[in-house]
Each structure stands twice: as structure tokens, then as C-alpha cells.
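What follows is a set of notes on a single structure, which appears directly below.
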Amino acid sequence: KMKIMRAISALVIALAICSTQVAAQSDPPEECAGCPVTADPNDTRIQKYAQDAVEEIQKQSDCGCTYRLESIEDVTTQVVAGELLHYDLILETTVVAGDTETITLTACSVDVWIKEWEDFEEITIQSCELTRNNE
């Protein structure tokens, strides 16, 4: 009887361990505190800071062109002593030379660090690259 009881006990323990592991695998992953999360590019607040980024790109540009926000390809938000928004933007870039107007698309990667309670906003342009002519 003792051997049977030990075998049953071992079986019960093994089943308990297996069911715990299966339950842990089926739980949705927890969000990482402080990790970037995808934001809605159509949110008015997200749009506002994207437009601020386009204006900063325009200020820093020396191409004599005009930039217009074509689309927000990707945006994430991250809590970092405020909020860090990372954007992948597509800009319509217009260059006028004499009677000729050339329109191209430019992809820009931009970070916007904000601390709304301090009225603080810092825009860092990571990169901008011509993606294609739009003629």
C-alpha cells in the first residue's frame, strides 16, 4: 500500500507542476513598465507633437524646401522622466527652383521628449532620408 500511495503522491505532484506550467504559458505577457508601447497615430495629441517635429525639421533644413506631414508610419510612447515619443514620419518635400517644382517623399525618424507639467518639449531628429521622387 505504501508504494501505491507514494506513486499516487508523485503523480499528483507531477500533474500539479504540469498544469501550473501550462497556465503560465497561456497567460498573456505582462507589459514591461517603462518599455515603449505603440501609440495611436490618429490621436490628436500624437498628431500635434508630430506637427511640432515637422516644424523643427523645417527650421533645421537648409534645402530651401517646404515639408508637409504625409503620414505617421509608426509611433511609440515611453515613460522616461516625462514621456518620449518616437516617430517614423513620411514627409512630402517640395522644392521650387525657378518654374520647376519637385515633390519628393522623405522618411524621418524623430524623438520628442515632453514633460507637460514643466511645459518642456525637446525634439531630436535622428535621421531623414529621401525615399522617392513623387513626380
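Bear in mind that the values in this text are calculations on the coordinates, not laboratory data. A quick note: this is a predicted structure, and the numbers were derived from the prediction, not measured. No Cβ is skipped: glycine too gets one built from the backbone with ideal geometry, and neighbour counts run over all protein chains shown.
Values computed for the structure shown
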| read-out | value |
| --- | --- |
| Förster radius 25 Å - calculated FRET efficiency between C63 and E122 (Cβ-Cβ, nearest 0.05) | 0.60 |
| In Hz, Karplus ³J(HN,Hα) per residue of segment 33-46 (6.51, -1.76, 1.60; θ = phi - 60°; x = Gly, Pro) | 4, x, 7, x, 10, 5, 10, 7, x, 8, 4, 4, 5, 5 |
| Stretch gain in nm, segment T131-T104, where the contour uses 0.36 nm per residue and the Cα spacing is subtracted | 9.0 nm |
| Extension reserve of the I90-Q47 stretch, reckoned as 0.36 nm per residue once the Cα distance is removed | 14.2 nm |
